[in-house]
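Each remark here refers to the structure printed beneath this line.
The values are calculated or read from the model by the stated rules, or taken from the named source; none is laboratory data. Source: prediction; values computed, not measured. Every residue, glycine among them, receives a Cβ derived from its backbone with ideal geometry; neighbour counts consider all protein chains shown.
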Amino acid sequence: MKIEKKLILSNIINGTFIILIGLFAFQNLNLVLTKLRFVEIADDLNASFLAMRLSEKNYFLYQDRKALGEIRDKVAATTQTLEAEKGDIIPAIGETDLRKLESLLKAYAKTIEPVRGTVPPDAAQEERIRGAGRSLQEYADSITRLERKRVNDIIQDAKRILIFSFWAILASALLIGHFISQKIVRSLRQIEKMTRSISEGNFAQVRDIRSRDELGSVIDAVNHMSEELAHREEQILQSKKLASLGILTAGVAHEITNPLNNISMIAQTYEELYGQLGEEQRISLMQKVDAETERIRKIVKNLLDFSKPKDAQPKEADLNAVIQKTLTLVQNMIDVQNIETIIRLDQGLPRVFIDEHQVQQVLVNLITNAVQAMTAGGRLFIATRRGKDGSSVEVTVKDTGQGIQPGFLPHIFDPFFSTKGEGGTGLGLSVSYGIIRNHRGDIRVESKPGVGTTFTVELPLPANS
Amino acid sequence: MAQHRIMVIDDEKIVGDMAKLSLEQEGYAVETFLSAEPALKRLEEERFDVVVTDYKMKGIDGMEVLRAVRSRYPATQVIMITAFANLDAAIEALRRDVHDFFPKPVKIKELKASIKRALEKVA
């Protein structure tokens, strides 16, 4: 589910909850109002009943006939009030209690009815009247008390429910917020990790996220980008290789000239001196032709191998041999520039697990750069040795060229950064960097303007060596 | 007539070997060297009529040989052969008074003809 939808849903749930609580509070308030209205009426009634009882007492004490009239008036007025306020009373105490109250009032009126005040009331009559009055007053009292208590209860309940709801809504909001932000943060971290690894040239896909929300889409997009980048990197790798190939081909063409010349000269001599040559000499010459052909074949094969687009195929390899092979490709370029080469290969170098062609490409790039930095000639130093901690091997390519300005050093591995002007693609070192990083190795540079530049490629040894 | 002396300097052994085989047929005395240093030393001991040298060599290169021979032994002619068909190098060689300049692969007949012309110059 989309995060947007989740947020909306959680808001709807919380909102509904709040509305329900509001409705409940509103209803409670209404009930309280009704009860309070009744309590108000009940207070009036109680006052009337009290007045009746007072008149009743006066009558019995003083045989005051006026008091009888007062009682009757009050009974009539109270009956009227009950009838008039029915609409407010029934919702508060229910019809049964109202009927009971009315009937008690009627019963009281009835006991009063026969009393005319002409004769003093007898004891039995007095007792009936007092009894009816008392029950009426007590019943009214009890209802009022009960209702007051109910109002109190309702308010207490409402208070409790409101407090509970407050905590419940707060908790649910916090929980949902936490849950969603957790998820967002987790996914963002994953994306961050992924983009970081992409920037290091590792185009692995993130597959452990199954979410179908916006973050899922972002991850899909990043995955897609990663895939595209991997594809582009392959293309850049190949095009860079073709660019190197352009440089190499010119050199290799010259490299082939010498064995070709040898074959040509042997052929001319053989033809010209055929009669004078002995059997052994002829055989020896033909063997030489064969050897020279082999020399050409090797050069061409190296060039073809180098130019072929290939997926990375790491294999166990002898790094020194890879360097020697690379040198056959670049030797001519080195010679033309009047550069002296010093090769120091550690003969005890352990075998490495590398993609030979890719590492060869890195070496071609580094040597080409070195040669191009030594336009006025110089010394090219290539060495291999074991890494300091013994878990890696190192190749050093050092030149005595113009060096790199300190300000450029941090950028030389950036794609499209070039100090060669029109002549450079700015991809050689960035591609080399990518290749070496893919081998879990490292490539470092030290340079001093006017003194020279040293590139060190570090390749890890397989775990078991 | 004394035998003419030819020196061939090339780091490709076959070039010297084949040149020697062919040129000896013409009656020349031929000595071959794989690099310039021993060749220049040998020149101090013995006069050579023609020096055939490769252009691109480790250490002292053909252009240096040309310069040294023409300044020290003006009577000795120099023929340069090169795998690098490079116009700049050819022009420089001409300025230093090279007798001839051959790109590889070398036609032995042409080389022989060139040597013959050089010897006429010497004589």
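Among the residues of the range B:49-79, what is the count of those that are touching a Gly at 6+ places or on another chain (Cβ under 9 Å), at pLDDT below 95 and among the β-branched types (Val, Ile, Thr)?
0
For the condition surrounded by fewer than 18 Cβ atoms within 10 Å (Cβ to Cβ), at pLDDT below 85 and of a type in the set (A, V, I, L, M), what is the one hit in A:Leu33, A:Leu45, A:Leu7, A:Leu50?
Unique residue meeting the criteria: A:Leu7.
In the list A:Ile443, A:Ile382, A:Ile404, which residue meets the criterion of being modelled with pLDDT of 80 or more, β-branched (Val, Ile, Thr) and farther than 26 Å from A:Ile354 by Cα?
That would be A:Ile404, the only listed residue that is modelled with pLDDT of 80 or more, β-branched (Val, Ile, Thr) and farther than 26 Å from A:Ile354 by Cα.
Taking the condition of being within 14 Å of chain A (Cβ to nearest Cβ) and among the charged types (D, E, K, R), how many residues in the range B:100-123 meet it?
Matching residues across the range B:100-123 total 5.
Please count how many residues of the range B:1-15 are within 14 Å of chain A (Cβ to nearest Cβ) and assigned to a loop (DSSP other than H, G, I, E, B).
So the answer is 3.
Which of the residues belonging to the range B:16-26 are more than 8 Å from chain A (Cβ to nearest Cβ) and closer than 16 Å to A:Gln281 by Cα?
B:Gly16, B:Asp17, B:Lys20, B:Glu24, listed by residue number.
Would a scan of the range B:82-99 turn up a residue that is modelled with pLDDT of 95 or more, out of contact with any Pro (no Cβ under 7 Å at 6 or more places or on another chain) and within 14 Å of chain A (Cβ to nearest Cβ)?
The answer is no, given that none of the residues of the range B:82-99 is modelled with pLDDT of 95 or more, out of contact with any Pro (no Cβ under 7 Å at 6 or more places or on another chain) and within 14 Å of chain A (Cβ to nearest Cβ).
For the range B:40-47, does any single residue satisfy the condition of being in contact with a Phe, Trp or Tyr (Cβ under 7 Å, 6 or more places away or on another chain), within 11 Å of chain A (Cβ to nearest Cβ) and over 25 Å from A:Gln268 (Cα atoms)?
no
In the range A:99-136, how many residues are under 28 Å from A:Thr34 (Cα atoms) and touching a Lys or Arg at 6+ places or on another chain (Cβ under 6 Å)?
1
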